[in-house]
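**Student:** There's a structure below that I have some questions on.
The values are calculated or read from the model by the stated rules, or taken from the named source; none is laboratory data. Since the structure is predicted, the reported quantities are computational estimates derived from the model, not experimental observations. Here the Cβ is made from the backbone with ideal geometry for all residues, glycine too, and neighbour counts use every protein chain on show. The area values use the complete protein model at the heavy-atom level, side chains included, leaving out ligands, DNA and RNA. Shrake-Rupley method; radii C 1.70, N 1.55, O 1.52, S 1.80 Å.
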Amino acid sequence: MSEVFRSASGQLLAVDGLSVDYGLKGISSRALHEVSFDLQAGEAVALVGESGSGKTTTAMAIAGLLSTDARVTSGEVRYRGARLQIDDDAAMRPHRWTETAVVFQGAMNALNPVQRIAKQIAEPCMLNGMPREAAMTRAKELLELVGIPPDRGTAYPHQLSGGMRQRVMIAMALACRPSIIIGDEPTTALDVINQAQILKLLVELRSKFNLALLLITHDLSVVAETCDRVMIMYAGRIVEDGTVAEIFAAPKHPYTRLLIESIPNPAKRQRVLRPIPGDPPSLITRPPGCPFHTRCPSSMSICATQAPALESTGQRRVACHLHSSQMKSDGVLVHA
Amino acid sequence: MATCGQGGRTSRRIGGIVLRAIVTLLMVAILNFILFRVIPGDPAGLLLDGSRSAVTSEQIEAQRERWGLDRPLIPDQVLDYLSATAKGDLGYSFKFRGQRVSDLLLDRLPATIALVGVAQIIAISAGVMLGIYAGWRRGGAVDTIATGGSLALYATPSFWLGMVLVVVFSTKLGWLPGYGAYSPGADTGSLAWLADYLRHLVLPASTVALGIMGQYVLVARAAMSDVVAEDYMVTARAKGLTSGQMLLRHAFRNAMLPVVTLVTLNLGYVVAGAITVETVFAWPGIGSLTVGALNARDYPVLQGVFLLLGTSIVFANLIADLAYGLLDPRVTQ
C-alpha cells in the first residue's frame, strides 16, 4: 500500500464537524454526530461500520445526495478548499459525477432496467455537453476499460450477470473523469470470486487515474486488500481512524478490536463465530456517555456519563476513554 | 450478440401471443354458444311469440326443423354456429323482426365508440398526467387532492354521477342536452349536425371519463411512487440530472409499464360501452341495445353483444402483450 503524503495542498475533501439528523414526523434521529475527516488526492479510505452506523449517510452527504428528510445540523464539507452546499440540489449539480462519482450496488437495481447500458454510461457525458456520438464512443472505451466487450453496450442490465453489472457501474462512475469515487458497498451482493475481481479492478483503476476512493463497507476483509486508511464508525461517530496496517496490527478502540476478532479465521480452525454481543444504541433517545459502553468489555464508570472525544496522535485518531490523554494524566482509571 | 437470434425470439414470442389469442377467441365463441343453450327458453316458442295456444305442435316442429334445432347440439349445432360466426352471420334478432344481429351491432357501434373512445382519451390523458405528477411529488397538495378526488370518483356509481350532471347542466342550467345523441330533424352529415352531436356527447362522455379517470390516477400514482423509490433514480440524481430530466428520461418509461396494461385492457371496454351511462342518457349505443335485448329476451342480440365484448377484450389483451414487449426489454427475453 502506498503511503500518501498528507498535506493541506494534497487535500481534496475535508469533512468538518458534520452532523446529520433524519426527521420523521417530529421524531429526529441523529445519523451523524460531528464527523470530521479528510481525503487526500489518490488516497483510498475505507469507512467501516455496521448497519445504521452512519457510513452511508456520510457518503451520501459528501455526494450531496442526502434524502429530503435529512437535515445537516452542523458542520460543512469542503472540496478543494471550497465549501459544498450539500443540501442544495441545484448548487451541487455541476459538482456531481464530474468531481465525485458513486459506484452503487450495480448488482441490485442501480441501473435503469429499460435503458441500454452504453446509453446509461454515456448519459453523464452528454449532460456535460459532450455530443452524442462522442459520448457513445466514450461509453465503449469505458466498457473495454472495465473488461466488458464494447459491443455488449446494446445490452440491457438484466442481460448481464451481477459482476458485469457492477463493472458497468464502475465504467459509468469513470465517465466524467472524477477525482473522487465513492464505493457504496460495491461488492456486497456479489459472490466471492466476483468480489475479488471487482476489488482488483477498483484498485487498478484507482492507481491508473489517481482517484481518491472512499469505500463504504461492513466487511473488514475487503478493506485490507483495497485501502490505505480505515475509519471505523459506530452510532454516527468515527471511533477510530488509522492506516490499515496500524488498525489491523494494534486496534485501540475495543469496538475495532472486537470487529477484527469477529472475522472468521480459517487458519485458527475456529469453529464458532465471535459476534459482538448487544445492539447499537438508539439514535433517537441518544443515551449519554460513550455510545459503545453498553457492549464494551472494558467499560468504566466514566463511559456511561461522558462521551470520549476523538483525539489524534499523529495520523492516528481514537475516541475512547482508555486512550484519552486526560484519563492518562489524571490517573483515574477506575474499572467498573 | 446475434441480432438474428433476438429477432427470432421476438417473432416466436409474437407468434405465441397471436396463437393464444386465436385459441382464446375460439373458446369464447364456444362458451358463448353453450351459455345461450343452457339458459331456459325455447327459441322456436319465442319466435312464435306468446301465441302458443294458437300454434300447433306441427308448426313448432316445422320451425325447429327450419332453424336446425332438431339436430344434436354437439357437434351439428355448434359447428353451424361457429362456421356462421366466422362468416359474420350472427343470426336474426327476435325483437327487431327480420333484422340481422350483425347489422344491429354495426348500427350501434359508432355511437358507443364515440362515447367511450372520447371518454377514454380524456380520462387517460388527464388521469395519467395527474397520477404521474402526484406520484412524483408524493405528499404534495396536488397528490392529496388528486388521490382523494380519484377515490371519491372511483367509488361513485356512474349512473348516479350521470343523473347529477343531467340535473345540474341540463335541467337547471340548460347548457347542454341531457338526452339522446341528436336533436330531431337535423340533417346528418352536415357541420351543424356534427356540432349538435358533440353537444349531446359532452355530458355522457364526461360521466364515463370521470368514472374511469380515478383508476388511471391511482395506478399511475402508485407506479410512479414505486419508481421514485428505486435505486436507479438515486443513480440518476448522482449523475447530475435535474429533477425534470430524471422524470422524463428515467422515471416516466418505467412508470408507464403498469399504466399501459390498464389502458389497453380498458380499450376492450370501448366496444362494450358503458351500459348504465348509455341508459341514463338514452345514448343509442351497444349498451342501450343490450339493455333492450335483455328486457325483450332477445337472445341472438345478446349472444352477438357477448361475442363482440369477448372478442374486443381478447384483442385488447393482444395489444397489451405486444405493447409491453416494446416498452420493457425484460419481457422479450
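**Student:** Within segment A:225-250, can you find the residues that are without any contact (Cβ under 8 Å) to a residue 40 or more places away in the chain and either surrounded by fewer than 17 Cβ atoms within 10 Å (Cβ to Cβ) or part of a strand (DSSP E or B) (or both)?
**Tutor:** Kept after step one, since they are without any contact (Cβ under 8 Å) to a residue 40 or more places away in the chain, are these residues of segment A:225-250: A:225, A:247-250.
Matches in segment A:225-250: A:GLU225, A:PHE248, A:ALA249, A:ALA250.
**Student:** Tell me yes or no: at least one residue of segment A:16-39 is without any contact (Cβ under 8 Å) to a residue 24 or more places away in the chain, more than 14 Å from chain B (Cβ to nearest Cβ) and touching a helix residue (DSSP H, G or I) at 6+ places or on another chain (Cβ under 6 Å).
**Tutor:** At the first step, the residues of segment A:16-39 found to be without any contact (Cβ under 8 Å) to a residue 24 or more places away in the chain are A:25-26.
Applying the additional criterion that residues be more than 14 Å from chain B (Cβ to nearest Cβ) yields A:26.
So of that shortlist, the ones also touching a helix residue (DSSP H, G or I) at 6+ places or on another chain (Cβ under 6 Å) come out as none.
There is no residue in segment A:16-39 that is without any contact (Cβ under 8 Å) to a residue 24 or more places away in the chain, more than 14 Å from chain B (Cβ to nearest Cβ) and touching a helix residue (DSSP H, G or I) at 6+ places or on another chain (Cβ under 6 Å).
**Student:** Sticking with this one: If a residue has to be more than 7 Å from chain B (Cβ to nearest Cβ) and surrounded by fewer than 24 Cβ atoms within 10 Å (Cβ to Cβ) to count, how many in segment A:111-124 make the cut?
**Tutor:** Residues meeting the conditions: 3.
**Student:** When segment B:296-333 is examined, which residues are found to be more than 14 Å from chain A (Cβ to nearest Cβ) and under 13 Å from B:THR261 (Cβ atoms)?
**Tutor:** Here is the first cut: in segment B:296-333, the residues more than 14 Å from chain A (Cβ to nearest Cβ) are B:296-322.
Result: B:ALA316, B:ASN317, B:LEU318, B:ILE319, B:ALA320, B:ASP321, B:LEU322.
**Student:** For segment A:90-110, check the following and say yes or no: at least one residue is among the β-branched types (Val, Ile, Thr) and either over 26 Å from A:SER207 (Cβ atoms) or away from chain B (no Cβ under 11 Å) (or both).
**Tutor:** Initially, segment A:90-110 is screened for residues among the β-branched types (Val, Ile, Thr), giving A:98, A:100, A:102-103.
Next, from what is left, pick out any that are either over 26 Å from A:SER207 (Cβ atoms) or away from chain B (no Cβ under 11 Å) (or both): none.
The answer is no, given that none of the residues of segment A:90-110 is among the β-branched types (Val, Ile, Thr) and either over 26 Å from A:SER207 (Cβ atoms) or away from chain B (no Cβ under 11 Å) (or both).
**Student:** Same structure, new question: Consider segment A:180-213. How many of its residues are touching a helix residue (DSSP H, G or I) at 6+ places or on another chain (Cβ under 9 Å) and in a loop (DSSP other than H, G, I, E, B)? So that I can check it myself, show each step before the final result.
**Tutor:** Going through segment A:180-213, the residues touching a helix residue (DSSP H, G or I) at 6+ places or on another chain (Cβ under 9 Å) turn out to be A:180-191, A:193-203, A:205-206, A:208-209, A:211-213.
Filter once more, keeping what is in a loop (DSSP other than H, G, I, E, B): A:185-191, A:211.
The total comes to 8.
**Student:** Among the residues of segment B:87-110, how many are in a helix (DSSP H, G or I) and under 21 Å from B:ASP298 (Cα atoms)?
**Tutor:** Step one: filter segment B:87-110 for residues in a helix (DSSP H, G or I), giving B:101-110.
Remaining after also requiring under 21 Å from B:ASP298 (Cα atoms): B:101-109.
The qualifying residues number 9.
**Student:** Another question, then. Since B:GLY292 meets every condition but one in (1) closer than 20 Å to B:LEU26 by Cβ; (2) touching a residue at least 60 places away in the same chain (Cβ under 8 Å), which condition does it not meet?
**Tutor:** (1)
**Student:** List pairs: first residue in segment B:121-146 and touching a residue at least 24 places away in the same chain (Cβ under 8 Å) and closer than 22 Å to B:ALA229 by Cβ, second residue outside any helix (DSSP H, G or I) and open to solvent by 60 Å² or more (accessible area, probe 1.4 Å) anywhere in the structure, Cβ distance under 9 angstrom, at least six positions apart or on different chains.
**Tutor:** B:ASP143/B:ARG137
**Student:** Kindly indicate whether any position in segment B:252-270 is free of Cβ contacts under 8 Å to residues at least 24 places away in the same chain, on the phi < 0 side of the Ramachandran plot and crowded, with 20+ Cβ neighbours inside 10 Å.
**Tutor:** Applying the first criterion (free of Cβ contacts under 8 Å to residues at least 24 places away in the same chain) to segment B:252-270 yields none.
No.
**Student:** Residues being open to solvent by 40 Å² or more (accessible area, probe 1.4 Å) and not β-branched (Val, Ile, Thr): count how many of those fall in segment B:219-243.
**Tutor:** Initial filter on segment B:219-243 (open to solvent by 40 Å² or more (accessible area, probe 1.4 Å)): B:219, B:221-222, B:226, B:228-231, B:234, B:237, B:242-243.
With the extra rule that they be not β-branched (Val, Ile, Thr), the set shrinks to B:221-222, B:226, B:229-231, B:237, B:243.
Selection size over segment B:219-243: 8.
**Student:** Scan A:ARG71, A:ARG83 and give me the residue that is assigned to a strand (DSSP E or B) and free of Cβ contacts under 8 Å to residues at least 12 places away in the same chain. Break it down into steps so the answer makes sense when it comes.
**Tutor:** Numbers: A:ARG71 fails: free of Cβ contacts under 8 Å to residues at least 12 places away in the same chain.
After applying the criteria, what remains is A:ARG83.
**Student:** Do you know which residues across segment A:59-83 are touching a Gly at 6+ places or on another chain (Cβ under 9 Å), away from chain B (no Cβ under 14 Å) and of a type outside the set (Lys, Arg)?
**Tutor:** Matches in segment A:59-83: A:SER74, A:GLY75, A:GLU76, A:VAL77.
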